[in-house]
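S.K.: Before I ask anything, here is the structure I am working with.
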Amino acid sequence: MREEDVAGDDRRPADSAGLRRVFDTIGVAVALLDRQGRIADLNAAMLRAIGCPQDLLIGQPMAGAFVWGGREDAAERFAQAMAAAGRGLVQELTLTGDGNWFDIALTPLPAEPGGEPTGIVMTAADASRRMGVEARLRVQEESLRAARDEVTRAGQTKVRFLAAASHDLRQPAQSLTLFGAVLAERLSDHPQLPLVQTMNRAVEAMRGLLDALLDVARLDSGIVSPDMAPFAVAEMMERLEADYGLRAAAKGLKLRVRPFKAQVRSDAILLERLLRHLLDNAVRYTASGGVLLGCRRRGMMLCIEVADTGVGIPTDKLDEIFEEFVQLGNAERDRSRGLGLGLAVVKRLSHLLGLPVRVRSRPGRGTCFTVEVPLHASWNPNGTERAMPSLDRPGALALIIDDEELILQSLRLVLEQWGWDVLAAASGEEALRQLDGAERLPDVIIADYRLRYGRTGVDAIRDIHAFAGDLIPAILLTGDTSPDRIREARRSGFTVLHKPVTLSELSSHLEEARGRAAAE
């Protein structure tokens, strides 16, 4: 028996009725249109969406069936989409008219190859819920954007505050440091010398607290951004040796430095800051023996070690030492033994730079901190930079430029006590006027980085170089903690010292310069 006989013609009406039921019960509004966009058929969902009886719609243009609520833009977009679908192009768009949103798709019915579409299938899905969600998301995004903008503004305000606070607080601290050092030297045989020395220790404690608190605040605020670049490790080690050699010797300790002739890739300023905190700790907590600052290569990493023969750290306290104000064995909070913030800064700098810091220690035998820094593959071992000529020459002329009168006075006293002749100026312009009538050029320029009216010490030094026709050795003093400012100062090529500068720091840089000049 043939299949046609089994099915029989009487099944076709039943199939049509079944298809009709499916057509009317699906949740998506569907309409069948001819190529001109006139309605040939539509299901119950489409009738509900349009809100008009079927007998009034058949044969009518679909473009006029929807109520666009006076939205000419929606009516025009729909008409354009309908015309494109009539040319065989699939169209998808979202429109609203009377307050409801619809996702509309216009799909041309397939035709013979090379022929035009025989009709268009239109679907319309309710998009009101989705559009409502998207609207709420947009409101949330705008709120988040506003919150981010507010956080950014607050961060910028904090940056300005910290920069101003750092500069303004370091200025009087610098004056106190220098005046106290001069006073102690002048009263070396006076019975009141212990009082002056106590005052100087208090000033040094204040300086350390100021440095550490500003470092923690800046790092926690997220305003510090590392500037990763290759640099020579040996030059950084030379600076650290010059600064900490005298401090170690003052305690009867020996500082041994084992540099490595290579370049690493990191932020030179922040890495040096991290190592300084480790060296501060090593010198402070070592009573006898010495401190080692050394390097050793491990594959493509350079391990920089700071080791001491100090009191050591119990194994169960190795993690605790990196928390704020934690000082093992200093329950009485003796300020001469630090403030418990140095290693907290090390922890933050380590995370910021992505450089792991490991510590191993044996109580009573000493401690070793190791920082792992990636080596820079394209390092040029033949690259050199101009060394500063000797500065420590009693009877030579020093030019000091600073817009703070107290700084000028204190620096003048220090240098004159060391046998220097001194010219002091509040600006680069004033310095040029003094040099214009001077019998000789200065042997060294010491300038504050931030001067008045937007000028910098770099500007002043370069103006003087142009006037003199010679690269006079120069030192920049800065109280800024902004990484951008510090990088600008370092890019100048001049020695950069951070306020408040101690006499030992200034002296060590003079000794370093004299030693380099003698070696040449």
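S.K.: Looking only at the range 454-493, how many residues end up being surrounded by 16 or more Cβ atoms within 10 Å (Cβ to Cβ), of a type in the set (A, V, I, L, M, F, W, C) and modelled with pLDDT of 75 or more?
M.R.: Matching residues across the range 454-493 total 9.
S.K.: While we're looking at this one, here's another question. For the range 233-266, name all the residues that are assigned to a loop (DSSP other than H, G, I, E, B) and modelled with pLDDT under 85.
M.R.: Hits for the range 233-266 are P259, F260, K261, A262.
For every residue, the table says whether it meets (1) modelled with pLDDT under 70; (2) under 24 Å from R284 (Cα atoms); (3) acidic (D, E); (4) assigned to a helix (DSSP H, G or I).
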| site | (1), (2), (3), (4) |
| --- | --- |
| Q156 | yes, no, no, yes |
| V196 | no, yes, no, yes |
| A205 | yes, yes, no, yes |
| G208 | yes, yes, no, yes |
| D211 | yes, yes, yes, yes |
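S.K.: Given the condition assigned to a loop (DSSP other than H, G, I, E, B), of a type in the set (F, W, Y) and loosely packed, with under 15 Cβ neighbours inside 10 Å, answer yes or no: does some residue in the range 416-423 qualify?
M.R.: Looking for residues that are assigned to a loop (DSSP other than H, G, I, E, B), of a type in the set (F, W, Y) and loosely packed, with under 15 Cβ neighbours inside 10 Å, one finds none in the range 416-423, hence no.
S.K.: Report, by residue number, each residue of the range 121-141 that is outside any strand (DSSP E or B) and over 35 Å from the mean Cα position of the chain (by Cα).
M.R.: Matches in the range 121-141: A127, S128, R129, R130, M131, G132, V133.
S.K.: Is it true that R273 is within 25 Å of L246 (Cα to Cα), part of a helix (DSSP H, G or I), open to solvent by 10 Å² or more (accessible area, probe 1.4 Å) and among the charged types (D, E, K, R)?
M.R.: Criteria met by R273.
S.K.: While we're here: Which residue pairs have Cβ atoms closer than 6 Å, lie 6 or more positions apart in sequence or on different chains, and pair a first residue in the range 41-63 that is at positive phi with a second residue that is of a type outside the set (A, V, I, L, M) and open to solvent by 70 Å² or more (accessible area, probe 1.4 Å)?
M.R.: That search, which allows pairs on different chains as well, returns G59/R38.
S.K.: Further, regarding this structure: Take the conditions part of a helix (DSSP H, G or I), more than 19 Å from Q171 (Cβ to Cβ) and modelled with pLDDT of 90 or more and apply them to L432. Does it pass?
M.R.: Yes.
S.K.: Could you check L278 against (1) within 33 Å of the chain's Cα centre (by Cα); (2) under 23 Å from L506 (Cα atoms); (3) at pLDDT below 85 and say which number it fails?
M.R.: Condition (3) is where L278 drops out.
S.K.: Within the range 414-446, count every residue that is in contact with a strand residue (DSSP E or B) (Cβ under 9 Å, 6 or more places away or on another chain) and either among the acidic types (D, E) or farther than 13 Å from D402 by Cβ (or both).
M.R.: 14
S.K.: Given the criterion more than 26 Å from A489 (Cβ to Cβ), touching a Pro at 6+ places or on another chain (Cβ under 9 Å) and in contact (Cβ under 8 Å) with a residue 40 or more places away in the chain, identify the matching residue among G312, G289.
M.R.: G312
S.K.: Considering the range 134-153 alone, what residues qualify as being open to solvent by 80 Å² or more (accessible area, probe 1.4 Å), more than 30 Å from D103 (Cα to Cα) and among the charged types (D, E, K, R)?
M.R.: Result: R148, E150, R153.
S.K.: Quick one: would you say E385 is acidic (D, E), modelled with pLDDT under 85 and not in a helix (DSSP H, G or I)?
M.R.: Considered against the rule, which asks whether it is acidic (D, E), modelled with pLDDT under 85 and not in a helix (DSSP H, G or I), E385 comes out as yes.
The values are calculated or read from the model by the stated rules, or taken from the named source; none is laboratory data. This is a predicted model, so every value here is computed, not measured. When we count neighbours, we look across all protein chains shown, and the Cβ atoms used for this are built from the backbone with ideal geometry, even at glycine. What goes into the accessible areas is simple: the full protein's heavy atoms, side chains included, and nothing from ligands, DNA or RNA. Shrake-Rupley method; radii C 1.70, N 1.55, O 1.52, S 1.80 Å.
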